[in-house]
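Right, one structure below, let's go through it.
The values are calculated or read from the model by the stated rules, or taken from the named source; none is laboratory data. This structure is a prediction, so every number in the text was calculated from the model and none was measured. Every residue, glycine among them, receives a Cβ derived from its backbone with ideal geometry; neighbour counts consider all protein chains shown.
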Amino acid sequence: MPEFDFAQPTSLNDALDLFAADGEVRALVGGTDIVDQLKTGRRNADMVVDVKRIPELQRLELTDDGLHIGAARNLTDIAEFPPVVSDYRGLADSSLLIGSWQIQNRAGLGGNVCNAAPSGDTIPALLSHDTVAVVASKSGTREIALSDFFAGPGQTVLQKGEILVELVLPLMQENSASSYLRFIPRNEMDIAVVGAGSFVQLNPSNNTVLKARIALASVAPTPVRARAAEEVLEGNALTDDLIEMAAVAAVESATPITDVRGSAEYRRELVKVLTRRTLGICRDRING
Amino acid sequence: MHLKVNDESLEVAVDAERTLLSVLRHELGLMGTKYGCGEGNCGACTVLIDGEATRSCITPVTSAGGREITTIEGLANGDELHPVQEAFVEHTAFQCAYCTSGFIMSSAALLDRNPSPSDAQIQSALSGHICRCGAYGRILKAVKSASGEGGAE
Amino acid sequence: MTTETTKGKYNVIGTRPIRHDGYDKVTGRAIYGADIKLPALLQGAVLRSPHAHARIKSIDTSAAKALPGVSAVITSADFPGAHDTLIDLGEGAINFRYASNNVMAGDKVLYKGHPVAAVAALDKNTALEAAALIKVDYEVLKPVSTVMEALKPGAPIVLEDLEGQDLGEKIDGQTNQANHIRHEFGDVEKGFAEADIVIEHEFDTAMVHQGYIEPHNATATWDEEGRVTIWTSTQGSFPTRRQTAGILRLPDSSVKVIPLEIGGGFGGKIPSYLEPVAAILSRETGRPVKLLMERTSVFESTGPTPGTWMSAKVGVKNDGTITAATADLRFDAGAYPGSPVGAGMMCVFSCYDIPNTRIDGYDVVVNKPKTAAYRAPGATQAAYAMETVVDEICQKLGMDPLEFRIKNAAKEGTRRADGPIHPIIGAVETHEAAKASDHWNTPLEKNGSDGKLRGRGVASGYWFNIGLKSAVTISVNEDGTVALTEGSTDIGGSRASIAMMAAEVLGIPAEEVRPHVADSEGIGYTDVTGGSRTTYATGYAAHDAAQDVVVQLRERAAKLWDVEVDEIEFANGSYQSKSDPELRLSHKELASKLGSTGGPVIGSASVDPEGAGGAYSTQICDIEIDPETGKTDVIRYTIVQDVGTAIHPSYVEGQMQGAVAQCIGWALNEEYFLNDDGAMVNSSFLDYRMPTSLDLPEIETIIVEVPNPGHPFGVRGVGEVPIVPGVATVANAIHDALGIRLRTTPMNAGSILAALKAKK
């Protein structure tokens, strides 16, 4: 690996000082992606800051205003957190899919988000939950809707000196559920050829969709919302036919490429299949 | 920096960018942990950090500072091999054995957390390891027998 | 699955002792190539081509040489220029000049990853930094990546000096066709005219890699007397010596190869890549130099097995008798000639007795890494073509595929399509065992869970196995144990099987034989661990060396008792006088008296046996396909194989299971994925998708034993034939599930879904 300095701050203030310094400063959470990227020259760094020891970044708490997940909290803890297990199930689905058990023990949710891979598995799940990113710098904190957080493959809107502190998922309402599915060629170790995360809230009296969120991975330069499909769903009764229409509409939001992981045509087909399946799972979970 | 490896406290002078794998092998001479891919994909480099199975090839050595690191060389309890080590020999759970250290470390971590795992739990815990000799079936049997669930072959 | 195999015939053979190196392998003690440490060791790095095809206009190493900590920087100019000599490596042949160019490119780079320079430095980081400072000026050329493109007129020429051959005639002008050979027998036109059904199809298969987890490595010293010592992970210390000496233009005897433990090879660790480079770096620095390959380079620069274009045509009568068959096998050799197309030709029709055959084989160079042996090299591709055509014929005939195979099976005396007459072989017995298996007799429920579709496939395969040279010495210790020294590097437990054969002869337990793999100066010439020859040929040598020990021990007993040697008989591990039953000593007791009867006893043998005996495998596979995503899961798999005699059944089963794991990966997901510039873009375990434990069912094994008359214990090679029918078996199962025949590998989810949509 190329040479870089390394720091391990234990407070947010110390970390923000480090991130404000000149040069390329990179956060290390689990290191599962960044170390490989540094080794192969896909990213460079003058300094690497291990942020796992900062208390704010380890937060995992359900409060009156939502579920707070510190950016450095590891995926195993998140997937096993009771509110995630019972309510934020799309997030649990996706956290358990990332890499192997050995990777999940180390990888942090914030790392998966800030790595900003088009294929990042947790991102569609978070997008489907209208997640907000809380970002800090020496000049204060700001909130960014996660749907506005990604600028391109491997790129976020974070400014120099800013770090992701936590992700906040709004409280779950009655009669709502989420789910995430991805397609991989093997049963383990692969990156999503396509991933789909869905959230549905139903009006129990007439089975109409009050709110729908669908987000897709690996079909565009960044994870994307399938807004056309959401519009198909909202206000209508959640029937098999409606789910099929939404699945077809979701393809409109996908602009996939052909690569070693799959052809563009194949990916479009998978968007339809996975959208349909995740919506079906949401319905089953609500009716559960 | 300060490292605690196989119950020994060590001071090593290394650069921050070094991986734990590189330091274990080259500075500490612990050659039982193997390089397979350098990308965290094959599992050959797996060690325990505070009891958790971890890919040493993508772990910066600095992030392991002060934590309990266990390698294949430190798994035995004195002269007594870990039950997983014994079971791997008994069940011929390897051919070339290059991936074996990694499989054993993850299996040991699994049994530590869950002393009687199901087949599915074992397979899931080991699914991040590649054995190109295809000994998966034997490895499964070995781990089951080490957990006290499986009999001899 | 535990199978009783030896029917009480032997004491040691057929049992399952713990392997002699077992504890070293679970404690991290075993020393693999990368683990070697030497005083004053330098670390090396290799600079590789980013282009699939380019002319090297210049290389500027000055900045690299000037970097502090750098001891040497070398290019092909530092190599002596090897002779144009063809040598046989046991599984595949190489030309020294091409081999030299492959380890360090001359005026052209021929594939992405082709080495262009190398560095030795005080540490690895400095070596890598120096390699990055080397400036190479390339003129990028258009690459050619597939056989059929390479054979087109006007295709980019890979090797400008290649003298192509076509049916024994030299080809005029430049070509990518290294060779075209043919085996013809009978009258195929007449045979097809007699047929009621003729099926012919074309096939494309992707290049795939052996995928061993241990990357290549080499450490070398070049001393003042011009003697080179190499520490490495290799499938054969003598073939590595030969290649290294040839490339360095040294006598073989000036190179000593010390083999360390080897982390998988499957044929891919027969060629030398790093050894000559490390040696030259040592020559330049006067210090030992270690080179370790990274995963990316293992994929991009070392021996895959060929991608192919093939066609196969088979004619049958309505009663199921095959009347004629032809095959055209065109294999990409990679950047230098020497694909295993010849082996593919030897195997393609060899499950069957066919009166009229013609087989064409083409060896074609392309801008990809030079191919190397991979487990029954060439036979798996050929079986994919033949066995899927046979499956279609069985379907058309409405005939049970195992009945069809039994009806047409090759037997003792059948002429193989390329000439040899089969000795005693177990094709029929293998098919019969498959027919009797629980798997074959358990009907498959065609509709799986969640709308998934299921199918069952069956296919067979043949591999000829090889003999070649092996040497073994056995020295008897005073405590009765024996030290067995062999030259076959142990890739998957062969120490145990070799030791067991010696133990069987000597009448002692396997644990009392201490096997040891010697370096190239510690044992007589021994060929590669490959070609399924180790347990056969080295086992043969162990048998003969143990017999030599018995002869000498009888002489010692005669001396001890002052009787004629003929008076001494050896039975059940004891030496006794024929006339005086009181005169009787066990092996152990006699061993304790060697010091007083003339000193140590050492038995030895060197063999080059001819009767390797071909082997057959028949496989049954059940799959389940998600018709919405095209994803295939293998849900049950049974492999049946004639192994001659199973020495250590666990290792026999291990070979069978391991080969099935590899061919499932080959069938469904593995491939070299090249971009438009001809460069491999999936050179990682993430995107080169080998099966994980979750991708495989428990693989059921059925051992068939039709003893090989060409071996004292009836051994046939077991390592290679189990991969041969696998890809075809999966393809036939896919057809059974979907009614679609896929004739291109990999048969991945995307291609299955595309085929399903095309069918609608």
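Before moving on, here are some points about what is shown:
- Of residues in the range C:690-720 being in contact (Cβ under 8 Å) with a residue 60 or more places away in the chain and β-branched (Val, Ile, Thr), the one farthest from the other protein chains (Cβ to nearest Cβ): C:Val706
- Residue that is surrounded by the most Cβ atoms within 10 Å (Cβ to Cβ), among those in the range C:19-66 that are within 14 Å of chain B (Cβ to nearest Cβ) and assigned to a helix (DSSP H, G or I): C:Val26
Residues checked against (1) closer than 30 Å to C:Ser751 by Cβ; (2) not in a helix (DSSP H, G or I):
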| site | (1), (2) |
| --- | --- |
| A:Val168 | no, yes |
| A:Ser178 | no, yes |
| A:Arg186 | yes, yes |
| A:Ala212 | no, yes |
| A:Leu216 | yes, yes |
| A:Ala229 | yes, no |
| A:Tyr266 | yes, no |
| A:Glu269 | yes, no |
| A:Arg276 | yes, no |
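- Yes/no for C:Ser532 being surrounded by fewer than 24 Cβ atoms within 10 Å (Cβ to Cβ) and of a type outside the set (A, V, I, L, M): no
- Scanning the range B:105-127 for residues that are more than 10 Å from every other protein chain (Cβ to nearest Cβ) and either touching a strand residue (DSSP E or B) at 6+ places or on another chain (Cβ under 6 Å) or among the small types (Gly, Ala, Ser) (or both) turns up B:Ser107, B:Ala108, B:Ser116, B:Ser118.
- Residue list for the range A:260-288, restricted to those being small (Gly, Ala, Ser) and either surrounded by fewer than 21 Cβ atoms within 10 Å (Cβ to Cβ) or farther than 26 Å from C:Glu671 by Cα (or both): A:Ser263, A:Ala264, A:Gly280, A:Gly288
- Subset of the range B:128-153 (residues that are touching an Asp or Glu at 6+ places or on another chain (Cβ under 8 Å) and either at pLDDT below 95 or within 11 Å of chain A (Cβ to nearest Cβ) (or both)): B:Gly128, B:Ala152, B:Glu153
- Among residues of the range C:108-147 being among the basic types (Lys, Arg) and farther than 24 Å from C:Pro340 by Cα, the one that is farthest from the chain's Cα centre (by Cα) is C:Lys135.
- Screening C:Asp319 against (1) of a type in the set (Asp, Glu); (2) assigned by TED's automatic domain parsing to the domain that holds C:Thr126; (3) under 22 Å from C:Val389 (Cα atoms) leaves a single unmet condition, (2).
- Total residues in the range C:606-629, condition assigned to a loop (DSSP other than H, G, I, E, B) and among the aliphatic types (A, V, I, L, M): 1
- Matching option when the condition is farther than 30 Å from C:Ala343 by Cβ, part of a loop (DSSP other than H, G, I, E, B) and touching a residue at least 12 places away in the same chain (Cβ under 8 Å), among C:Gly467, C:Gly522, C:Gly492: C:Gly522
- On inspection, A:Glu56 passes the criterion of being part of a helix (DSSP H, G or I), more than 28 Å from B:Tyr35 (Cβ to Cβ) and at pLDDT 95 or above.
- Subset of the range B:26-61 (residues that are acidic (Asp, Glu) and either closer than 14 Å to B:Leu3 by Cα or more than 9 Å from chain C (Cβ to nearest Cβ) (or both)): B:Glu27, B:Asp50, B:Glu52
- The strands (runs of 3 or more DSSP E) found wholly in the range B:39-153 and carrying at least 2 residues that are assigned by TED's automatic domain parsing to the domain that holds B:Glu11, within 23 Å of A:Glu188 (Cα to Cα) and touching a helix residue (DSSP H, G or I) at 6+ places or on another chain (Cβ under 9 Å) occupy B:46-49, B:52-55.
- Scanning the range C:489-522 for residues that are surrounded by fewer than 18 Cβ atoms within 10 Å (Cβ to Cβ) and among the aliphatic types (A, V, I, L, M) yields nothing.
Yes or no, residue by residue, for (1) surrounded by fewer than 19 Cβ atoms within 10 Å (Cβ to Cβ); (2) in contact with a helix residue (DSSP H, G or I) (Cβ under 6 Å, 6 or more places away or on another chain); (3) of a type in the set (A, V, I, L, M):
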site	(1), (2), (3)
C:Asp137	yes, no, no
C:Pro143	no, no, no
C:Asp172	yes, no, no
C:Ile181	yes, no, yes
C:Gln210	no, no, no
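- Verdict on A:Val193 being within 30 Å of C:Ser693 (Cβ to Cβ), of a type in the set (A, V, I, L, M, F, W, C), in the same structural domain as A:Glu252 (by TED's automatic domain parsing) and surrounded by 20 or more Cβ atoms within 10 Å (Cβ to Cβ): yes
- Only a single item in (1) buried (at least 22 other Cβ atoms within 10 Å of the Cβ); (2) in contact with a helix residue (DSSP H, G or I) (Cβ under 8 Å, 6 or more places away or on another chain) is not met by C:Ser606, and it is number (1).
- Annotation: of all residues in the range B:68-89 being of a type in the set (Asp, Glu) and more than 7 Å from chain C (Cβ to nearest Cβ), the one that is nearest to B:Arg138 (Cα to Cα) is B:Glu86.
- Selection of the range A:8-36 for residues being within 13 Å of another protein chain (Cβ to nearest Cβ) and in contact with a Gly (Cβ under 7 Å, 6 or more places away or on another chain) yields A:Val29, A:Gly30, A:Thr32, A:Asp33, A:Asp36.
- Restricting C:Gly69, C:Gly81, C:Gly106 to those that are within 14 Å of chain A (Cβ to nearest Cβ), in contact with a Ser or Thr (Cβ under 8 Å, 6 or more places away or on another chain) and either touching a residue at least 24 places away in the same chain (Cβ under 8 Å) or among the hydroxyl-bearing types (Ser, Thr, Tyr) (or both) reduces the list to C:Gly69.
- Single unsatisfied condition, B:Ala64 versus (1) at the interface with another protein chain (Cβ under 7 Å from one of its Cβ atoms); (2) at pLDDT below 95: (1)
- One residue stands out among those in the range A:60-95 that are in a loop (DSSP other than H, G, I, E, B) and surrounded by 18 or more Cβ atoms within 10 Å (Cβ to Cβ): the one that is farthest from the other protein chains (Cβ to nearest Cβ), which is A:Asp87.
- Filter result for C:Ser272 (surrounded by fewer than 24 Cβ atoms within 10 Å (Cβ to Cβ) and either at pLDDT below 95 or within 20 Å of C:Asp35 (Cβ to Cβ) (or both)): no
- Hey, B:Thr70 in contact with a Phe, Trp or Tyr (Cβ under 9 Å, 6 or more places away or on another chain) and of a type in the set (S, T, N, Q) or not: no
- Among the candidates C:Glu445, C:Glu486, C:Glu429, the residue that is surrounded by fewer than 20 Cβ atoms within 10 Å (Cβ to Cβ) and either in contact (Cβ under 8 Å) with a residue 12 or more places away in the chain or of a type in the set (A, V, I, L, M, F, W, C) (or both) is uniquely C:Glu429.
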